[in-house]
1. With label points built 7 Å along Cα→Cβ from the Cα atoms of Leu377 and Arg256, find their separation and express it in nm.
2. In Å and whole numbers, how far do the C-alpha atoms of the range 1-153 stretch along each principal axis, longest first?
3. Mind giving me the FRET efficiency for Val81 and Ala121? R0 is 22 Å, r the Cβ-Cβ distance, nearest 0.05 is fine.
4. Quick one: net charge of Val103's neighbours, Cβ under 12 Å, K/R +1, D/E -1?
5. Take the Cα pairs of the range 107-208, get the Kirkwood Rh, then feed it into Stokes-Einstein at 10 °C and 1.306 mPa s and tell me D in µm²/s.
6. Classify the range 65-134: rounded, prolate or oblate, from the alpha-carbon gyration tensor (a ≥ b ≥ c, eigenvalue square roots; a/c under 1.5 rounded; otherwise prolate if a/b is larger than b/c)?
7. In Å³ and rounded to a whole number, note down the convex hull volume per residue for the Cα atoms of the range 381-506.
8. By how many nm would the segment from Arg506 to Arg438 grow when fully extended, if each residue of separation counts as 0.36 nm and the alpha-carbon distance is taken off?
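The values are calculated or read from the model by the stated rules, or taken from the named source; none is laboratory data. Here the structure is a predicted model, which is why all the values come from computation and not from measurement. Reconstructed Cβ throughout: ideal geometry from the backbone, glycine too, with neighbour counts over all protein chains shown. Each accessible area value is taken on the protein alone, full model and side chains, heavy atoms only, with ligands, DNA and RNA left out. Shrake-Rupley method; radii C 1.70, N 1.55, O 1.52, S 1.80 Å.
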Amino acid sequence: MTDTPSDPALRFEILGDLRALRGAEPLDLGPAKQRAVLAVLLLHAGRPVPTHQIVDAVWADEPPENGANVVQKYVAGLRRVLEPERSPRSPGELIALTNGGYVLRVEPGALDADRFQAGLAQASADRKAGRLAEAGESLRRALALWRGEALPGLTGPVFDSARNRLTEAQATAWEKWADIELARGNHTGLMPDLVRLVEQFPLREGLRAQLMIALHQGGRQAEALAAFRDARAYFLEEFGVEPGERMQETHKRILRGEPFYSEPVDPWADSDDIPAPRASPEVAPPAAAPPHTHVQPYIPPDVTAVVPEPRPAVHPPAWGFTPPAPPAYAPSHQRIPAGEVVAAALLPILICSFGSWIYFVYAGIRRGDRRQFLVALGYAGLFVVGVVIASLHPSPPDSPDLNPTEWLAFALFAAIAVGSAVHGAVLASHPGDGPNSRNLRDQARQFATFDPERARSLGVGRPDLLRAFDDGGLVDVNHVPGHELARLPGLSSEQAHGIVIDRLNRGPYARPEDLVVRGVLPMRTVNRLAGKLICLPPAPTGTPPGGWSSPLPPHTARYG
């Protein structure tokens, strides 16, 4: 197997910085938005992408006024770069316009993500034939295609989702490769790579368990046990949970001094599934879910958690089924930042309304909310108006009284001070979506991606439950009741009810974008809420769902 297509005229790379190469020469892909348009087409290579879908992916909540024209302009720019021999008036062959939208026709092997996927398929075939050495080599060649983080610098739900899927595929490939090397007895040469991989993918318990095994097989039992203690401390500190079953079992076997891989093993015994690199606009069909072992959540002794009684699995509801009444909402208690409230209230008063705008600039920067900058500009503008009014008819210096114009100006200053003080205090008492919340959501989302079963059992994305941790306000679209969905900003009660009905009648969502695909919510609403939405798969049929979710059929899912 070769890493590159034979005599390629044009190659594309997304496993790292977005690049297009003719031979070995990189091409200038133009401005950032034009590169983003190319990235969208590459993620759907060989399939038509509607213009509105390109606009939503590239511009998200801030689409240009003439989105179709802007996309057409960027496509024309890409055609000039990628097809320099094409006549300006002739239709594009590489990027063609069809009834379904623009389609990028990529030759087989011309996209590095496709070659990566082909390498994984070749490794699987080698493994099934018993050629472990060849399988390991195929995986290493495929992994060598990665040049860093996939599609860096491209932001938005579509690119974030694609980046997560590609990263998941990369981490899974590394785990398969490490399993093969351990089975071949190459534990000594594997250790440096595993140390690096644990740092790169700290949530992958499989890599941590493999590092423990490599250290144990190398006669470094104390270091293997120390690796488990470090992993346990990390998971407890970050998520409040104990390590999973695989690490726990590995730890027990090391304590008992049992050997690993004493018999030939099949590194792919659990699954042949490797996440596909490309996004698909279609909803994933139902598939049989693999067996899971229910893991009880770790609950610190000083925290009281509500763990509902398990209920038996039921059959998926028929079309037109009306959902039962949602469980009682257990409100979460959010700490009010008293110091920030006091500062926001006193600042405009202490400096006589001049600083009425300062807190709102701070809030805009901290929360990433541009509306607060407009508020700050408004208060600053009112202060300037007051200064202008006061200067229209100034009183003589020796006059003990203020004239009516000056009284009006000072009344305006007082109103600005009081109004901005109350406004700032109310805003500060609702911390909103600050950097800390976003970091907590990112951590919880990563945890859910790598261990959805435990994330569901712990209540990730379930703000209606009392929990022993903070996930930053994530909302699990597949499991939260309708009244909790209606709390999301910009989501009406009718839309929340529609989500509940749709997930019961048509099955769970694989990713937030499915809300658009199924016609439940408009793209703009999903893009605005994408940072808070997550789609955890339901418990497999026959596995107690913990009473936290509506009965849903098992589906193969990607996590948004």
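1. Rounded to a tenth, the inter-label distance reads 6.8 nm.
2. 57, 36, 28
3. With a Förster radius of 22 Å, E is 0.10.
4. Values: positive: Arg47, Arg105; negative: Glu93.
For residues surrounding Val103, the net value is +1.
5. The estimated diffusion coefficient comes to 109 µm²/s.
6. Verdict is prolate for the range 65-134.
7. In the range 381-506, the Cα hull volume divided by residue count equals 174 Å³.
8. So the extension gain works out to 21.4 nm.
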